[in-house]
Each structure stands twice: as structure tokens, then as C-alpha cells.
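The block underneath contains the structure these notes are about, expressed in C-alpha cells.
The values are calculated or read from the model by the stated rules, or taken from the named source; none is laboratory data. These numbers come from a predicted model, not from an experiment. Neighbour counts are summed over all protein chains in view; Cβ atoms, including those assigned to glycine, are modelled from backbone coordinates with ideal geometry. Remember, those area values only see protein heavy atoms, side chains included, never the ligands or the DNA or RNA. Shrake-Rupley method; radii C 1.70, N 1.55, O 1.52, S 1.80 Å.
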Amino acid sequence: AFYYARDRVGLAQTDEVAFSGPGVETIENFFEGDDDDVPVKCAILKTKDPVERVLKIDPANAGVRLRRVLDQALGPQRAEVSVDGAAAGVWYDPDRNPFKRLAESDFELPPALVKGKSSIRVTFTPRVGAWSIGELRAFSHVERPIGEATGNGK
């Protein structure tokens, strides 16, 4: 057996946002995978309107990964993503699953749009029907020794 280990962090969570208010529905359903018989409650915003959030990130990042929980019953889902007004790409999830509705999806933000910033304003503009988003997390790509704090006190 071989074991490869790094004594440096490569990805650090720097922010997390939940959704509430109009358009948010709490669903109790399942994620696909090994524990797909364990029900999970999650507040999910379903919208055709743009969604904007400010997220904290590490200024020493080499890119940022966004991760969202979504409702696969609405699939496929597509949204244009912008960072501080600049286009970052299209977040597309082609899957549809009305039985195991909950899923996580990742979207990588280009380093040129996030490097040196301690926060970003991210806008998601749905295309082709409704888009869903539950918990939203930001992870900064970083290189630092394990245990060393991030640039935002987390």
C-alpha cells in the first residue's frame, strides 16, 4: 500500500450562505450515493430571477470553487455566473432525478477574477427555466501549512 500525504492545505472553505425568504422551499429528500436512504432537510431557493451574494474569500487564493446544493427534480439547470460584474462562465447541471432530489455541484471561478480579493459579489442569472440553490459555499485554492489561518479569520 502507498500513502501520499501533503502537509499543506490545498482548498479552504472561506464562506457559507444559506437561503431564506420568498421562493425558498424546505424539502426533505435524499442525496445519491452510499447513504441514499438517509433523509436530509434543506432550504432550496427556486428562481428564474438573478441571485446575488457577497462571499468572503482568501486574498492569497489561486482561484475559488463554489459549491451549491441543488434540487435535481428541476433539471437540467443552467445559470450564467458573474463575479463583480465580469462574466465567469455558465454553471450547468444536466441531470434530473425526481427520486434522489438533492445533489451538490461545483463551479470553478477563474483566478483572474478573484486573486487578491477578500470578498466577491457573485451573480447567478438563470437560463432556460428555474434554477435552484440551497447552501452555497466558497472554497479558496490556497497553499499554506495545515493549521495556519486563512486571510479572513476562518
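Computed values, structure above
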| item | result |
| --- | --- |
| FRET efficiency for ALA18 and ARG78, using Cβ-Cβ distance with R0 set to 30 Å, rounded to 0.05 | 0.85 |
| Nearest-20 debye value, the stretch 71-146 charge dipole, Cβ charges on Lys, Arg, Asp, Glu | 100 debye |
| Gain in span if fully extended, PHE2 to ALA86, counting 0.36 nm per residue against the direct Cα distance | 25.9 nm |
| Built amide H within the under 5 Å cut-off of ARG127, gap 5+ | ARG78, ALA79, GLU80 |
| Reach of LYS115 by Cα under 26 Å, taken over lysines that are not fewer than 8 positions away in the same chain | LYS56, LYS154 |
| Formal net charge of residues neighbouring LEU74 (Cβ-Cβ distance under 14 Å; K, R +1; D, E -1) | +4 |
| Per residue solvent-accessible surface (Å²) - the stretch 23-119, probe of 1.4 Å | 52 Å² |
| Vicinal HN-Hα couplings computed from phi for the stretch 91-103 (Karplus, 6.51 cos²θ - 1.76 cosθ + 1.60; Hz; Gly/Pro x) | 8, 10, 10, x, 6, 9, 8, x, 9, 10, 6, 8, 8 |
| Positive-end extreme of charge dipole, the stretch 42-154 - chosen from PRO50, VAL81, GLY116 (charges on Cβ) | PRO50 |
| Cβ-defined net charge surrounding ALA88, 10 Å radius [Lys, Arg +1; Asp, Glu -1] | -3 |
| Carbon plus sulfur fraction of accessible area for the stretch 7-68, probe 1.4 Å, in percent | 46 percent |
| Neighbourhood net charge (10 Å Cβ-Cβ; Lys/Arg +1, Asp/Glu -1) for PRO126 | +2 |
| Contact order normalised by residue count of the stretch 1-141, Cα under 8 Å, 6+ apart, percent | 38 percent |
| Virtual spin-label span in nm between ASP106 and GLU143, 7 Å along Cα→Cβ | 1.9 nm |
